[in-house]
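Read the structure below first, then the notes.
Just so you know, all these numbers are worked out from the coordinates, no wet-lab data involved. Everything quoted here is computed from the prediction, not taken from an experiment. Note: ideal-geometry Cβ built from the backbone for every residue, glycine included; neighbour counts use all protein chains shown.
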Amino acid sequence: MTKSNDTYAVIRCGGRQFKVSAGDTIVVDRIHADVGETITLDALAVRDAAASYDADAARHAEVKATVGEHLLGEKIKVFTYKPKTTFKKTKGHRSRLTKLTIDSITLKGSKE
């Protein structure tokens, strides 16, 4: 949990939004990057210890993350049947996920 005086950012990754600060670990949908590679994520909003920055200032923010590992999510089972017949079908699905560690949140420009 982040404290009120920490620097954090709201990022978009895989169609979802996450509130992250430096050192956090998040699990997102699969990103096509090698393990150990550093990537830059889109920041929607940034809050520094001194001030809050809006979406225009967040465009100049950089959120760097390191790809930790690629993994599979929990198996989801789907069972379908049709009554009064012998039709029964079981399907399963496992999401492909990537674990990211947030390295840093930097503001390149100043708020104007």
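Side notes on the structure shown:
- Spin-label proximity, residue 16 to the range 78-102 - amide N less than 18 Å from point 7 Å beyond Cα toward beta carbon: 93-102
- Mean sequence separation of contacting Cα pairs (under 8 Å, at least six apart), scaled by the length of the chain, corresponds to a relative contact order of 31 percent.
- Taking amide H as placed 1.01 Å from N in the peptide plane, the amide H of residue 61 sits under 5 Å from that of 108, each at least 5 places away or on another chain.
- Residue-wise HN-Hα coupling along the range 24-33, computed from phi with Karplus coefficients 6.51, -1.76, 1.60 (Hz; x: Gly, Pro): 6, 10, 10, 10, 10, 4, 3, 10, 7, 8
- Exposed loop sites, defined as trypsin sites (Lys or Arg not before Pro) outside DSSP H, G, I, E and B with at most 11 other Cβ atoms within 10 Å, are absent from the longest region of the chain, namely 4-74.
- Charged-residue dipole, Cβ positions (Lys, Arg, Asp, Glu), the chain about Cα centre, Debye nearest 20: 1300 debye
- Calculated FRET efficiency, residue 37 to residue 108, Cβ-Cβ distance, R0 = 25 Å: about 0.75 to the nearest 0.05.
- Computing percent of Cα pairs over 20 Å apart for the structure here picks out one of [x] 46; [y] 51; [z] 42, namely [y].
- Charge dipole of the chain about the Cα centre (unit charges at C-beta), most positive-ward option of 26, 58, 92: 92
- Distance between modelled label sites at residue 49 and residue 75, nm, 7 Å Cα→Cβ extension: 4.8 nm
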